[in-house]
1. Quick one: residue 128 ticks every box in (1) in contact with a Leu (Cβ under 7 Å, 6 or more places away or on another chain); (2) surrounded by fewer than 19 Cβ atoms within 10 Å (Cβ to Cβ); (3) modelled with pLDDT under 90 bar one, so which box is it?
2. When you scan the stretch 61-72, how many residues do you find that are under 22 Å from residue 103 (Cβ atoms) and more than 10 Å from the chain's Cα centre (by Cα)?
3. Given the residues 196, 94, which is the only one that is at pLDDT below 95, over 13 Å from the mean Cα position of the chain (by Cα) and of a type in the set (Asp, Glu)?
4. Residues in the stretch 12-35 that are touching a helix residue (DSSP H, G or I) at 6+ places or on another chain (Cβ under 6 Å) and either assigned to a helix (DSSP H, G or I) or at pLDDT 90 or above (or both): how many?
5. Answer with yes or no whether residue 100 is within 13 Å of the chain's Cα centre (by Cα), among the basic types (Lys, Arg), farther than 30 Å from residue 195 by Cα and open to solvent by 50 Å² or more (accessible area, probe 1.4 Å).
6. Under the condition of being of a type in the set (Phe, Trp, Tyr) and assigned to a helix (DSSP H, G or I), which residue from the stretch 144-185 is surrounded by the most Cβ atoms within 10 Å (Cβ to Cβ)?
Amino acid sequence: VRMARYARDEINDIGDYYAFGKELVNGDSVYDFDETKLSVNTLDVGLAGIEVYDKLRDDYDIQIEFGDLGNILAYLSIGDRERDIERLVSALAEIRRLDKRSKAGLMKYEYIEPIVAMSPQDAFYADKEEMLPLDRTEGRICSEFVMCYPPGIPILAPGERITKRILDYIKYAKAKGCQMTGPEDPAIEKLNVVTE
């Protein structure tokens, strides 16, 4: 916990990263926070979390837990030493120095309020469904899951109406290199929708 707190302070001192911690605990929507999980928002550096994750792995030989569209996550354990923290902090500082760019064009939202048009069970087990190209599914009711891993929370679930915002999110996540799972079409060029 002491090393995690130190890492947070050092990462926040770099600038443009936000290593969040116990300050988020508000007794309501955030009840507690595991300080051994080092979560860092990367959007002010102008990079998606998955991009920072890839750079840490490929350029600095540092393997962290994951990167998503706006954050990275590293776990600290009893096997970590202060020099490991220093190496991570130095790598993040260098990434900021070498790769910082405008955050224009980065996705600003991570949660899209779903529009539930029918029950998930009815949509999933619909007698009639059709597979359509992604660009032709706007306004239709999805009959399968679409998830971006990490974190593995559905972008779309059976029974939800497909909106332009959701389609933009899927395309953006694919372009950034996020692993997408759920649909019958593994390339996510097509989606199964309920026949109306």
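The values are calculated or read from the model by the stated rules, or taken from the named source; none is laboratory data. Because the structure is a prediction, the values reported are computed rather than measured. All Cβ positions, even for glycine, are placed from backbone atoms using ideal geometry, and neighbour counts span all protein chains on display. Heavy atoms of the whole protein, side chains included, go into the accessibility calculation; ligands, DNA and RNA do not. Shrake-Rupley method; radii C 1.70, N 1.55, O 1.52, S 1.80 Å.
1. (1)
2. If we filter the stretch 61-72 for residues that are under 22 Å from residue 103 (Cβ atoms), which is where we start, we get 64, 66-72.
Restricting the remaining residues to those that are more than 10 Å from the chain's Cα centre (by Cα) gives 64.
So the answer is 1.
3. Criteria check complete, one pass: 196.
4. Going residue by residue through the stretch 12-35, those that are touching a helix residue (DSSP H, G or I) at 6+ places or on another chain (Cβ under 6 Å) are 14, 16-17, 19, 21, 30, 33, 35.
Add one more test, that the residue is either assigned to a helix (DSSP H, G or I) or at pLDDT 90 or above (or both), and what stays is 14, 16-17, 19.
Going through the stretch 12-35 one residue at a time, the tally reaches 4.
5. Taking the combined requirement at face value, the residue does not satisfy it.
6. By that ranking, first place goes to 169.
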